[in-house]
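Student: Sharing a structure with you now.
The values are calculated or read from the model by the stated rules, or taken from the named source; none is laboratory data. The model shown is predicted, which means the values in this text are computed figures rather than measured ones. Cβ placement follows ideal geometry from the backbone for every residue including glycine, while neighbour counts extend to all protein chains displayed.
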């Protein structure tokens, strides 16, 4: 058996304990690793703060719309001339960990503060995303177009039959560079033409929408801006005297033109009671300065008052065309070739548009479910719009709309036509 002598043992011990110390000293001598600074950006798209690898992003944006409404030839004074802050929206968008997106958008317009959007998107890939929260119901084409980009100040009569924003879950995505898109959602269920904040009954609506740009990125080039789609919602909705599940329909000038009977009218209240089914074929075409958009909406709603029940079938449709001078038309709004320069008076783009739209209410609604002396049976309107886009974010618009009615007046008469001039100054960033 060998024996280690004292000096050898002492040297070995020193090496054993000295090695970690030397390694620690060498690490301490190394300069600290530099941390990449955050990236701050300011542009027409707003203000953003992000990590260097873009895994964490915070964007602050906003939208201001100051409107004017001016009615003429209005002997019955059904409309009120007024200025209104139509939309006042601070917008907070962001990304967390590189695969979770979110949005929070309150609205202080119309003197009624509320939350428009509040959602989280789980995004493992572009072709599949899961959204939870409050968001636009994926149904109406014009409603899905941002109001920042619509060539008209107020949307068409089709929105009277379209669900607006709702709470729920949405599975959505796109493929082939946006050539096809899909949405599948489960939501609380909105009445036609409005938003809800809670589930008024014990059932949900199912929503499905597909939209395709079949020629995007391929020849012929003039067909790349063609988009076609179809959307459907189906659910059971049951109202009550305090929450009927039904709302009034409004004109382009935002005046009530149809409403169901309520307790104040006859002592009886009409409520939603049963199936609610909507379908909507839709499409658009953009090529150079030309833009065309069209959609049709059919809403079938079961209603009840006392012991009387009916399945009402309401229809609406619209077709619009626009042309951009000094820029390009798109679903994302007119895009000027170059921004307006106040020093030279050059740049910017002028968009002119025309629209025809109609709303037909089921004849079976009268007189048991709606008062024919107050609610119209049909509304048909024509509108023209001019918008000057100083750049992508600043616009000034003037619209004229005329809407003719059938019904809606005492003794079987027709409500007088609505003639309204709308103006808007808009800033978005």
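Student: On the basis of being surrounded by 18 or more Cβ atoms within 10 Å (Cβ to Cβ), touching a helix residue (DSSP H, G or I) at 6+ places or on another chain (Cβ under 6 Å) and touching a residue at least 60 places away in the same chain (Cβ under 8 Å), does residue 351 make the cut?
Tutor: Details: surrounded by 18 or more Cβ atoms within 10 Å (Cβ to Cβ): yes; touching a helix residue (DSSP H, G or I) at 6+ places or on another chain (Cβ under 6 Å): no; touching a residue at least 60 places away in the same chain (Cβ under 8 Å): yes.
It is false that residue 351 is surrounded by 18 or more Cβ atoms within 10 Å (Cβ to Cβ), touching a helix residue (DSSP H, G or I) at 6+ places or on another chain (Cβ under 6 Å) and touching a residue at least 60 places away in the same chain (Cβ under 8 Å).
Student: OK, next. Being in a strand (DSSP E or B) and over 20 Å from the mean Cα position of the chain (by Cα) is the filter here, so list the residues in region 410-429 that pass it. Walk me through it before giving the result.
Tutor: Our first condition is that a residue be in a strand (DSSP E or B); within region 410-429, this holds for 414, 418-428.
Residues satisfying the conditions are 414, 418, 419, 420, 421, 422, 423.
Student: Same structure, new question: Report, by residue number, each residue of region 84-112 that is assigned to a loop (DSSP other than H, G, I, E, B) and in contact with a strand residue (DSSP E or B) (Cβ under 7 Å, 6 or more places away or on another chain).
Tutor: Residues of region 84-112 that are assigned to a loop (DSSP other than H, G, I, E, B), as a first pass: 97-99, 108, 112.
The answer is 99, 108.
Student: Next up: Are there any pairs, at least 6 apart or on different chains, whose C-beta atoms fall under 8 Å, with the first in region 408-421 and at positive phi and touching a residue at least 24 places away in the same chain (Cβ under 8 Å) and the second surrounded by 15 or more Cβ atoms within 10 Å (Cβ to Cβ) and in a loop (DSSP other than H, G, I, E, B), and if so, which?
Tutor: 408/372; 408/373; 408/374; 408/375; 408/415; 411/373; 412/372
Student: Which of the residues spanning region 173-194 are closer than 19 Å to residue 159 by Cα, free of Cβ contacts under 8 Å to residues at least 60 places away in the same chain and in a loop (DSSP other than H, G, I, E, B)?
Tutor: 188, 190, 193, 194
Student: Could I ask something else about it? Within region 220-298, considering only strands (runs of 3 or more DSSP E) that don't extend past its boundaries, which have at least 2 residues that are surrounded by fewer than 22 Cβ atoms within 10 Å (Cβ to Cβ) and touching a strand residue (DSSP E or B) at 6+ places or on another chain (Cβ under 6 Å)?
Tutor: On the way: elements: 226-238, 256-258, 271-287.
In region 220-298, the matching strands (runs of 3 or more DSSP E) lie at 226-238, 271-287.
Student: Still on this model: Restricting attention to region 299-322, report how many residues are more than 20 Å from residue 190 (Cβ to Cβ), in contact with a strand residue (DSSP E or B) (Cβ under 9 Å, 6 or more places away or on another chain) and surrounded by fewer than 17 Cβ atoms within 10 Å (Cβ to Cβ).
Tutor: 2
Student: Now a separate question. Criterion first (in contact with a helix residue (DSSP H, G or I) (Cβ under 6 Å, 6 or more places away or on another chain), at pLDDT 95 or above and part of a strand (DSSP E or B)) does residue 316 satisfy it?
Tutor: yes
Student: Run residue 215 past the list (1) in contact with a helix residue (DSSP H, G or I) (Cβ under 7 Å, 6 or more places away or on another chain); (2) outside any loop (DSSP other than H, G, I, E, B) and report the number of the one that doesn't hold.
Tutor: (2)
Student: Within region 383-409, take every residue that is modelled with pLDDT of 95 or more and not in a strand (DSSP E or B) and give me the one that is surrounded by the most Cβ atoms within 10 Å (Cβ to Cβ).
Tutor: Let us first name the residues in region 383-409 that are modelled with pLDDT of 95 or more, namely 383-390, 394-409.
The next check asks that each one be not in a strand (DSSP E or B); those that pass are 390, 409.
Working: 390: 18, 409: 16.
This residue is 390.
Student: Right, something else. Check region 150-165 and report whether any residue there is modelled with pLDDT of 95 or more, in contact with a strand residue (DSSP E or B) (Cβ under 9 Å, 6 or more places away or on another chain), surrounded by 17 or more Cβ atoms within 10 Å (Cβ to Cβ) and in a strand (DSSP E or B).
Tutor: Looking for residues that are modelled with pLDDT of 95 or more, in contact with a strand residue (DSSP E or B) (Cβ under 9 Å, 6 or more places away or on another chain), surrounded by 17 or more Cβ atoms within 10 Å (Cβ to Cβ) and in a strand (DSSP E or B), one finds at least one in region 150-165, hence yes.
Student: Which one is nearest to the chain's Cα centre (by Cα), of the residues in region 37-54 that are surrounded by 12 or more Cβ atoms within 10 Å (Cβ to Cβ) and in a strand (DSSP E or B)?
Tutor: Once the filter is applied, the top-ranked residue is 46.
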